[in-house]
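Every number in this text was worked out from the coordinates using simple rules, so none of it is lab data. If you're wondering where the values come from, they're calculated on a predicted model, not measured in any experiment. Neighbour counts are summed over all protein chains in view; Cβ atoms, including those assigned to glycine, are modelled from backbone coordinates with ideal geometry.
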Amino acid sequence: MLRAGLLFLSEQPSIFRFVRANGLAKRLASRFVAGENLDSAVAAVRNLNSHGMSASLDLLGESVAAEHEAREASRMIVQVLDRIAGERLDCNVSVKLSQMGLEVDPELCAGNMRLVLDRARELGIFVRVDMEGSAFTQRTLELFERQLLPDYGDGVGVVIQSYLYRSARDVERLIGLGARVRLCKGAYNEPPAIAFPSKGDVDLNFAELMEKLLERGNYPAIATHDEALISRGRRFVAEGGIGAERFEFQMLYGVRRDLQAELVRAGLRLRVYVPFGTQWYPYLMRRLAERPANIAFVLGSVLKESARR
């Protein structure tokens, strides 16, 4: 019932207009979303860089339904790339294929991604293809492996979610291809037929995949706020003599900032995933709806950080 309610609210334009005009709501959202425009996103990245953290910018607005929307999104992401280069930021970009038009026309999506990746290659900026719900998993990996990786190599990477049963096979294949992988747990509400229903099993699979990537992967990104998993990863690299230059941890903007700072102080590489754009309200509501337990997680994260100050 909670999930249905959150999804309903995310689709109400009148509520969106009200919330966007509400100063308190915008201040709350500003903890997790770096504003509505590129200027605010650049300021957030510059601040992260000043504290020894890298960033990845994500222009909000997925699942576009029209060709002109997908083409406009690709042009906007090219502008983001140009701004990153112009500002000399330590930053890359993350892109969702549904935003590039995958549901409209796969060829349109591939063309838009090439537009983005061609410019990124000219500027020397890495692009990560984000992973969405399981309905997109196979299509995302097929496009990445068959078209993008062969042509752009280390200039493009992909994401694997540890809560899917298939992910162990996917990680082994991607390691063999030399692909750059970001590993995360996954936040979508998936059926038990394809995803581990138990958090303990998701965590165990994450740990096993993390160690494979750290040992044999091509500069893997370990994306988690879970202190136990981060500690396990740190022990693994220490015991295996794996240098800090061979991987990075990743976290979300505004979540566990205390832990982010701790990793940087320890000499580890950290990249912060920074979403921005006018679609921040639907973005936040959908993220909560995909996994209502995230509500408790976000609140708990804020409380933990506050308690350590």
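Quick one: net charge of residue 204's neighbours, Cβ under 15 Å, K/R +1, D/E -1? With Lys, Arg at +1 and Asp, Glu at -1, the neighbours total -1. For residue 43 and residue 87, the difference between the fully extended length at 0.36 nm per residue and the C-alpha to C-alpha distance is 14.8 nm. Sparse packing (at most 12 other Cβ atoms within 10 Å of the Cβ) combined with a DSSP loop state is found for the following trypsin sites (Lys or Arg not before Pro) in the stretch 60-158: 88.
With Cα atoms defining each centre, the stretch 35-106 and the stretch 162-184 are spaced 24 Å apart in the structure.
Name the shape class, rounded, prolate or oblate, that the alpha-carbon gyration tensor gives for the stretch 154-240, where a ≥ b ≥ c are the square roots of its eigenvalues, rounded holds for a/c under 1.5, and otherwise prolate holds if a/b is larger than b/c and oblate otherwise.
On the way: a/c = 1.89, a/b = 1.19, b/c = 1.58.
Cα axes put the stretch 154-240 in the oblate bin.
Please give the net charge around residue 172, taking every other residue with its beta carbon less than 14 angstrom from that of residue 172, where Lys and Arg add +1 and Asp and Glu add -1. Spelling it out: positives minus negatives among the neighbours equals 0.
Equivalent ellipsoid of the stretch 31-278: semi-axes from √(5λ) of the C-alpha gyration tensor, largest first, are 26, 22, 17 Å.
Charged neighbours of residue 247, selected by a Cβ distance under 13 Å, balance to +4 (K, R count +1; D, E count -1).
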